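The values are calculated or read from the model by the stated rules, or taken from the named source; none is laboratory data. Treat the numbers as computed from the prediction; the structure is a model and nothing was measured. Here Cβ is always computed from backbone atoms with ideal geometry, including for glycine, and neighbour counts include all displayed protein chains.
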Amino acid sequence: MLGRLKSVFSKVRKNVEKETKKPVAKKEKKPSFVSKLNVVKNLEKSKLKKILEELEEELLTNNVAYSVTEELKETIKNSKPKELKKTLEEKLKEILSAEAIDIYKGDKPIKIMFVGVNGVGKTTTLAKLASQLQKKKKKVVMAAGDTFRAAAIEQIQAHAEKLKINLIKHSYGSDSAAVAFDAIEHAKAKKLDYVLIDTAGRSHANEDLMRELEKVKRVSKPDFTILVVDSLTGNDAVDQAKLFGEKIGIEGVILTKADADERGGAIISVAHETGKPILFLGTGQEYKDLKEFNADDIIKQIL
Ligand SMILES: Nc1nc2c(ncn2[C@@H]2O[C@H](COP(=O)(O)OP(=O)(O)OP(=O)(O)O)[C@@H](O)[C@H]2O)c(=O)[nH]1
Ligand SMILES: [Mg+2]
């Protein structure tokens with residue numbers, strides 16, 4: 001999934017290395033040039049421009065946001081040619097290592113609300129997390145907070161039945177906040193560990209729907225509001241993350257469909273633009289396909 005980014009970064013390193021070596025051949029004629037070349041930006045101007053333009057284009061094509069691309073270019077320019085890999089490693093680490101949150105710690109019941117635009121994978125991800133929590137011997141209740149989309153309640157009910165997990169549901173058209181509230185009361189009465197609250201998908205540009213989501217949040221006071229983002233949506237993923245972050249407030253992000261994403265840039269972009277931790281990557285359609293996010297692993301795959 002990160003193969004394309006790997007080749008982009010390996011190419012820029014090779015290009016810089018190639019250009020760095022050139023003046024060494026002319027060492028006798030121009031010794032001063034060699035000593036001046038302590039950082040990449042001292043490369044011959046036209047060569048540097050070409051290398052960086054090529055990099056920029058390739059990063060943008062692979063869903064790396066413009067702002068991140070600019071930062072990466074700056075990082076490269078200021079790096080010592082021989083230390084390019086290390087400098088990039090540090091930069092990516094800085095981008096990907098937002099202060100972690102621990103969804104396994106807190107007072108019972110721990111309430112997690114899933115938000116995001118339509119079809120990104122909220123309900124599936126909620127069910128995957130429910131299944132993983134169950135494996136950790138945690139007692140979970142799910143709240144069918146999507147009372148809007150046709151068949152949304154049946155969809156989450158099917159997961160609840162398959163996983164043998166309690167589901168609190170109301171009828172279609174009812175108040176989503178009330179469903180969440182009832183699920184929390186249920187969890188308190190039964191001394192459960194987790195309440196996982198599903199919500200209806202909505203565009204971040206729809207003010208009314210965003211207000212409704214604010215209400216669910218106000219009523220349920222989740223410990224963690226998690227934005228679910230589809231990695232395939234590219235730059236829109238960044239806009240979603242920014243707007244949901246501003247309007248609703250989020251503690252972390254889950255990127256889904258990483259299994260189908262050949263570009264990989266969404267990971268870097270979303271992490272950079274939100275400053276929030278990526279908690280998991282969705283890597284398929286089955287319950288097991290939710291992998292804890294590990295920045296070091298990702299960096300190893302990129303560089
Ligand atoms: N390949 C792949 N498919 C996924 C992943 N996560 C979710 N899906 C699929 O994406 C589709 C939409 O998933 P849902 O969970 O219904 O998405 P949602 O955000 O709840 O959708 P709405 O409730 O309509 O807003 C389903 O077909 C899922 O199986 C993933 O990590 N990888
Ligand atoms: Mg859903």
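Here are the numbers for the structure shown:
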quantity	calculated
Count of region 176-200 residues which are touching a residue at least 60 places away in the same chain (Cβ under 8 Å), out of contact with any Leu (no Cβ under 9 Å at 6 or more places or on another chain) and either within 16 Å of ligand 2 (Cβ to nearest atom) or not in a loop (DSSP other than H, G, I, E, B) (or both)	5
Residue match in region 228-250 (condition: farther than 21 Å from residue 69 by Cα and among the hydroxyl-bearing types (Ser, Thr, Tyr))	no
Residue check, residue 237 buried (at least 23 other Cβ atoms within 10 Å of the Cβ), small (Gly, Ala, Ser) and assigned to a helix (DSSP H, G or I)	yes
Residue 92, sole failed condition from (1) part of a loop (DSSP other than H, G, I, E, B); (2) at pLDDT 95 or above; (3) surrounded by 20 or more Cβ atoms within 10 Å (Cβ to Cβ)	(1)
Condition check for residue 146: in the same structural domain as residue 267 (by TED's automatic domain parsing), in contact with a helix residue (DSSP H, G or I) (Cβ under 6 Å, 6 or more places away or on another chain) and in contact (Cβ under 8 Å) with a residue 24 or more places away in the chain	yes
Filtered residue count, region 185-202, keeping only those that are under 11 Å from residue 141 (Cβ atoms) and within 16 Å of ligand 1 (Cβ to nearest atom)	2
Top-ranked residue in region 252-277 [being crowded, with 23+ Cβ neighbours inside 10 Å and part of a strand (DSSP E or B); ranked as nearest to ligand 1 (Cβ to nearest atom)]	256
Top-ranked residue of region 107-139 - restricted to ones that are within 16 Å of ligand 1 (Cβ to nearest atom) and polar (S, T, N, Q), ranked as surrounded by the fewest Cβ atoms within 10 Å (Cβ to Cβ)	118
Subset tally (residues that are modelled with pLDDT of 95 or more and over 14 Å from residue 9 (Cα atoms)) for region 50-65	1
Pair list, Cβ < 8 Å and 6+ apart or interchain, from region 279-303 residues that are farther than 22 Å from residue 101 by Cβ to residues that are more than 16 Å from ligand 2 (Cβ to nearest atom) and aromatic (Phe, Trp, Tyr)	302/9; 303/9
Among (1) within 16 Å of ligand 2 (Cβ to nearest atom); (2) more than 24 Å from residue 107 (Cβ to Cβ) - the single one residue 164 does not satisfy	(1)
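Residue by residue, here is whether (1) closer than 16 Å to residue 120 by Cα; (2) more than 16 Å from ligand 2 (Cβ to nearest atom); (3) not assigned by TED's automatic domain parsing to the domain that holds residue 92 holds:
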site	(1), (2), (3)
215	no, yes, yes
221	no, yes, yes
247	no, yes, yes
262	no, yes, yes
279	yes, yes, yes
290	yes, no, yes
